[in-house]
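Asks: Provided herewith is a single structure, encoded as structure tokens, for subsequent inquiry.
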């Protein structure tokens, strides 16, 4: 029996697509719904922390779509053509390092917000209960996304970076 091995680059390409479908689109929808459900200015801490979480999630989405995903696609292209970062000037390595650091920083900010939010008891009302359920779904989706990015995506990024000698 012949088993075909999948390269880190191929696995990363598949994961990018899966992340977009499974997490980024869902988070985008949840943020939109949350923004509509929550008052833009509120005197209750829970709503304010919810809005803060939504803002961090939206920032992560923007960075994913305008910076990290294009970087990952460029990284995969470099691997495909056999690029060797050792022939590049220092900016190449710095850029590779900055991408992973940016993802991890975004995770840290979202996790801090999730921690603060979990420590606050939401006010009770029918509307607040609907808001709370939506925010819990958003929190769970963000936690799953972060876990996937840290356990699967970042190790694959580092493998592809090593393959092109972008040790960063």
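Every number in this text was worked out from the coordinates using simple rules, so none of it is lab data. Here the structure is a predicted model, which means the values were calculated and not measured. Cβ atoms come from the backbone with ideal geometry, glycine included; neighbour counts cover every protein chain shown.
Asks: In whole percent, what relative contact order does the chain give with Cα contacts below 8 Å and a gap of six or more residues? If you can, show how the numbers build up before the last one.
Replies: Numbers: 120 pairs, mean separation 69.8, N = 168.
Reported as a whole number, the value is 42 percent.
Asks: Label-point separation (nm) for residue 62 and residue 26, each offset 7 Å from Cα along Cα-to-Cβ?
Replies: Simple spin-label model gives 2.4 nm for this pair.
Asks: Next up: Quickly work out the residue 136-to-residue 80 label distance, labels modelled 7 Å from Cα along the C-beta direction, and quote it in nm with one decimal.
Replies: In this crude label model, residue 80 to residue 136 measures out at 4.4 nm.
Asks: Against the longest principal axis of the chain, how steep is helix 25-37, in degrees 0 to 90 to the nearest 10, with axes from Cα atoms?
Replies: 20 degrees
Asks: Nearest 500 deg cm²/dmol is fine: what mean residue ellipticity at 222 nm does the chain get from its DSSP H runs of n ≥ 4 alone, each adding -39,500 (n - 2.57), divided by its residue count?
Replies: Values: 7 runs with 118 residues, N = 168.
So the calculated ellipticity at 222 nm is -23500 deg cm²/dmol.
Asks: If you line up the long axis of helix 154-163 against the longest principal axis of the chain, both from Cα atoms, how many degrees apart are they, to the nearest 10?
Replies: That helix lies at roughly 20 degrees to the long axis.
Asks: Go ahead and set up a Gaussian network model of the chain, Cα springs under 10 Å, then flag whichever of 58, 18, 150 fluctuates most.
Replies: Of 58, 18, 150, the most mobile in the Gaussian network model is 18.
Asks: Gaussian network model of the chain, Cα springs within a sub-10 Å range: biggest mean-square fluctuation belongs to which of 139, 57, 98?
Replies: 98
Asks: Given that just one value was derived from the coordinates, which of (i) 1.08; (ii) 1.13; (iii) 1.51 is Rg/Rh (Cα atoms, Kirkwood Rh)?
Replies: Checked against the structure: label (i).
Asks: Just to confirm the number: angle between the C-alpha axis of helix 45-63 and the first principal axis of the chain, 0 to 90 degrees, nearest 10?
Replies: The helix 45-63 is inclined about 20 degrees to the chain.
Asks: If the chain between residue 89 and residue 101 were fully stretched, how many nm would it gain, using 0.36 nm times the residue separation less the Cα-Cα distance?
Replies: 2.3 nm
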